[in-house]
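Here the structure is laid out as structure tokens; the discussion comes afterwards.
The values are calculated or read from the model by the stated rules, or taken from the named source; none is laboratory data. The structure displayed is predicted, hence computed values, not measured ones. Cβ atoms come from the backbone with ideal geometry, glycine included; neighbour counts cover every protein chain shown.
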Amino acid sequence: MADIELAFGRGGLVVDLPDAAKPTVIRKRTLPVPADQSAAIEAALDNPIDVAALSELAAEARSACILICDITRPVPNGLFLRPLIERLVKAGVPLAGITVLVATGLHRPNLGDELAELVGDPWVLERVSVVNHYARDEAAHVDFGRTATRDVPVGLDRRFVEADIKIATGLVEPHFMAGWSGGRKVVAPGIARHDTIRTFHSARFMEDPGATSCNLDANPLHEEQLEIVRMLDGPVLALNTVIDEERRLCFASFGEILSSHMAAVDFVRDATSVPAPRRYRTVVTSAAGYPLDKTYYQTVKGMVTPIGVLAEGGDLIIVSECSEGVGSPEFRAAQERLVALGPEAFLATLMEKSLADIDEWQTEMQLKPMRVGRISLYAPGLPDADHAVTGVERIDDLPAAIAAAMDRQGDPEIAIIPEGPYVVPYCAAD
């Protein structure tokens with residue numbers, strides 16, 4: 001039996017499968033990689049979608065704010081930040097007027113060496129202001145009132161709102177609530193005030209059947225994000241990227257935030273939404289490796305996306321390095337409540353809230369795979385005290401756990417998803 005490598009930390013994890021296993025490996029379809037990735041960025045910037053050229057838009061501008069995703073997303077910032085900044089400067093925007101803003105949402109800030117890794121280009125750090133968004137700083141946001149459709153309170157980071165040129169950048173990949181990451185999502189929740197984010201993550205959004213991977217139709221999060229973006233003055237631009245399993249740039253689009261985002265979604269949709277011939281009683285997956293698997297908080301994403309191929313009562317086995325442990329103190333508190341109350345009672349505590357407690361929404365998302373089957377986690381570096389709050393089974397020997405699941409399920413056919421949440425499999429027969 002050939003060994004199979006799963007995304008795990010920075011180096012990957014080779015799985016020694018039992019001899020009796022009959023694996024079906026579910027991967028993204030192969031994406032074309034441009035011979036010159038820098039040229040692909042320049043081509044995207046030269047051909048903006050549904051908006052004038054950046055040189056024209058920035059001709060009278062004195063300030064610009066460029067949003068980048070935080071460290072949890074492997075966005076190739078080092079490829080495109082300098083070209084974007086150089087074009088802005090050539091158009092007349094002074095370097096002192098350009099801000100790169102890390103769209104942290106309610107995640108922790110990225111500082112020091114981590115910030116340098118995130119930006120990916122010392123030239124950028126040396127020449128422009130690179131700062132983090134702090135969602136809990138009320139004074140740092142402009143209040144826009146509430147959305148008309150679902151009454152969401154709206155506050156956005158003042159540095160982006162007041163900039164003459166507004167550019168969101170990011171990675172377009174499946175997202176288990178918003179359908180797809182990137183584009184409008186980098187604005188909200190990326191640089192939104194805490195109450196905007198906590199409303200998005202309340203049970204009335206999270207339990208909506210439209211709030212699911214690879215879906216934008218009647219998705220309440222997506223619809224609210226679009227309404228929020230339209231509250232901003234002037235054009236809101238976006239540079240969207242798509243990468244392959246080896247984190248190489250495959251596609252870039254630039255232009256009006258919705259149109260350019262949809263161009264990237266159209267490019268990647270068929271590659272990441274992958275049909276499988278059946279549902280499986282044993283599914284082995286990952287949390288997508290570094291940087292997504294630094295915490296158990298982010299690991300939950302890898303538990304949700306395989307639901308489409310996990311048989312009722314099946315075994316879901318996930319590997320994650322969890323190098324930073326569980327996650328935030330707020331997430332740990334939510335996990336402790338889940339363990340103490342059980343899934344049904346925990347969900348009942350959420351249903352009446354208009355504002356979710358910070359980070360408890362990820363615990364709510366964990367309920368979705370728990371409703372389908374049994375979850376087991378291989379995270380050998382996770383301390384016992386941290387594993388105790390996960391609410392899932394612990395694995396110390398991965399091959400033995402796979403063999404035990406096959407035996408328990410009475411079925412040697414197993415599904416293996418090496419790239420975890422970056423792939424969304426579904427049963428073609430459903």
By residue number, the members of the range 387-423 that are touching a residue at least 12 places away in the same chain (Cβ under 8 Å) and either outside the structural domain of I307 (by TED's automatic domain parsing) or surrounded by fewer than 19 Cβ atoms within 10 Å (Cβ to Cβ) (or both) are A388, E393, R394, D396, P399, A403, R408, G410, D411, P412, E413
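For residues in the range 178-227 being aromatic (F, W, Y) and over 13 Å from the mean Cα position of the chain (by Cα), which is surrounded by the most Cβ atoms within 10 Å (Cβ to Cβ)?
First, the residues of the range 178-227 that are aromatic (F, W, Y): 180, 200, 205.
In the following step, the residues that additionally are over 13 Å from the mean Cα position of the chain (by Cα) were identified as 200, 205.
Working: F200: 26, F205: 21.
Looking at residues that are aromatic (F, W, Y) and over 13 Å from the mean Cα position of the chain (by Cα), I get F200.
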For the range 152-171, which residues satisfy the criterion of being touching a helix residue (DSSP H, G or I) at 6+ places or on another chain (Cβ under 7 Å) and part of a helix (DSSP H, G or I)?
-> R158
For residues in the range 387-400 being touching a strand residue (DSSP E or B) at 6+ places or on another chain (Cβ under 6 Å) and assigned to a helix (DSSP H, G or I), which is farthest from S286 (Cα to Cα)?
-> H387
Does the range 304-320 contain any residue that is within 30 Å of D430 (Cα to Cα) and part of a loop (DSSP other than H, G, I, E, B)?
-> yes
Number of the condition not met by T212 [criteria: (1) under 30 Å from R394 (Cβ atoms); (2) modelled with pLDDT of 95 or more; (3) in the same structural domain as T147 (by TED's automatic domain parsing)] = (2)
Kindly indicate which of E162, E117, E126 is assigned by TED's automatic domain parsing to the domain that holds F80, at pLDDT 95 or above, over 24 Å from the mean Cα position of the chain (by Cα) and more than 25 Å from L57 (Cβ to Cβ).
-> E126
Among the listed residues L13, L79, L67, which satisfies the condition of being in the same structural domain as T295 (by TED's automatic domain parsing), under 22 Å from the mean Cα position of the chain (by Cα) and of a type outside the set (F, W, Y)?
-> L13
In the range 118-160, residue surrounded by the most Cβ atoms within 10 Å (Cβ to Cβ) [restricted to those that are under 28 Å from I85 (Cβ atoms) and of a type in the set (S, T, Y)] | Y134
Please state which one of R10, R62, R29 is farther than 24 Å from C322 by Cα, in contact with a Gly (Cβ under 8 Å, 6 or more places away or on another chain) and surrounded by fewer than 20 Cβ atoms within 10 Å (Cβ to Cβ).
-> R62
Which residue out of Q298, Q335 is assigned by TED's automatic domain parsing to the domain that holds L382, under 23 Å from the mean Cα position of the chain (by Cα), in a helix (DSSP H, G or I) and under 27 Å from I26 (Cβ atoms)?
-> Q298
L45 vs. criteria under 16 Å from I167 (Cα atoms), crowded, with 18+ Cβ neighbours inside 10 Å and in contact with a Lys or Arg (Cβ under 6 Å, 6 or more places away or on another chain) | no
Verdict on D411 being in a loop (DSSP other than H, G, I, E, B) and at pLDDT below 95 | no
Within the bounds of the range 201-216, is there any residue that is of a type in the set (A, V, I, L, M, F, W, C), over 20 Å from G308 (Cβ atoms) and touching a His at 6+ places or on another chain (Cβ under 8 Å)?
-> no
Consider F254 carefully, then state whether it is buried (at least 24 other Cβ atoms within 10 Å of the Cβ) and either under 30 Å from A334 (Cα atoms) or of a type outside the set (A, V, I, L, M) (or both).
-> yes
How many of the residues in the range 69-104 are out of contact with any helix residue (DSSP H, G or I) (no Cβ under 6 Å at 6 or more places or on another chain) and among the small types (G, A, S)?
-> 4
Of (1) part of a loop (DSSP other than H, G, I, E, B); (2) closer than 28 Å to K301 by Cβ; (3) out of contact with any helix residue (DSSP H, G or I) (no Cβ under 9 Å at 6 or more places or on another chain), E117 fails just (1)
Determine which member of the set L106, L95, L111 is under 23 Å from A140 (Cβ atoms), touching a residue at least 40 places away in the same chain (Cβ under 8 Å) and either surrounded by fewer than 19 Cβ atoms within 10 Å (Cβ to Cβ) or not aromatic (F, W, Y) (or both).
-> L106
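Residues are listed down the side, and each one gets a yes or a no for (1) out of contact with any Phe, Trp or Tyr (no Cβ under 7 Å at 6 or more places or on another chain); (2) buried (at least 18 other Cβ atoms within 10 Å of the Cβ):
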| position | (1), (2) |
| --- | --- |
| Y290 | yes, yes |
| Y296 | yes, yes |
| A311 | no, yes |
| V319 | no, yes |
| P329 | yes, no |
| A334 | yes, yes |
| P343 | yes, no |
